[in-house]
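For reference, the structure is listed below as structure tokens.
The values are calculated or read from the model by the stated rules, or taken from the named source; none is laboratory data. Keep in mind that what you see is a predicted model, and the values were worked out from it rather than measured. Cβ sites come from the backbone with ideal geometry, for glycine too, and all protein chains shown count toward neighbours. Accessible surface areas use protein heavy atoms only, side chains included; no ligands, DNA or RNA. Shrake-Rupley method; radii C 1.70, N 1.55, O 1.52, S 1.80 Å.
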Amino acid sequence: YEIVSQPTFIISCAVATLAHTIMVMLMSDVTLAMSHYNFSLSTTSLVMELHFFAMFAPGFISGKLISNYGTFKIALLGGIIFALSIVVFGIGVEAWNFYIGMILLGVGWNFSFSAGTVMLTDCYEPHEATRVQAINDFILFSVAGAGSLASGIIFEVYGWVNMIFVSSG
């Protein structure tokens, strides 16, 4: 209990959980939205491929950015990129909105999620790592799983545009 009540744990867990939940909510529904707006399977597949690339390719530099600028600044940068993706999604449903929105979503996830997980390592001793990581992962993936489930319901009942705004908080 002592570790999970530390501000560093709470902030790091919140950053990673929000990053992952926002990304999962939008990623889970983007293929449904693109089908709804009559995009081809090949266009939808390319959007997803670019998104996955954007999620992981920044990993080659995100660690260095975190080392140079700190976890808080990189988490904030990720949040700004997330916000840009929401703007891109929110202004239209053309192919470019999906391409650029999903690329920005992937990069924003990488920076925020990476910063949050690195931040977590500052709140425990090495012998506590397994337990703290398990608690963090339980919280993170439970919330993200609930967000994924909720996103499908929100999409079905209220549509893509409203799903975008709900997922952005």
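Miscellaneous remarks
- Considering helices alone, the calculated mean residue ellipticity of the chain at 222 nm is -29000 deg cm²/dmol, with DSSP H runs of length four and up weighted by -39500 (n - 2.57) and normalised per residue.
- Kyte-Doolittle mean at least -1.0, axial Cα span of 27 Å or more - DSSP H helices of the chain: 7-36, 71-90, 95-120, 129-158
- Our note on the geometry: Cα centres of region 78-94 and region 110-135, 28 Å apart.
- Most mobile listed residue (ALA115, ALA95, ALA134) in the chain, GNM with C-alpha springs under 10 Å: ALA134
- If R0 equals 35 Å, the separation of the Cβ atoms of ASN38 and ILE3 corresponds to a calculated FRET efficiency of about 0.10.
- Surface composition of region 3-93: carbon plus sulfur atoms contribute 73% of the solvent-accessible area (1.4 Å probe, protein chains only, all chains present).
- Test item: Cα-centred dipole of the chain, Lys/Arg +1 and Asp/Glu -1 on Cβ, debye: 260 debye
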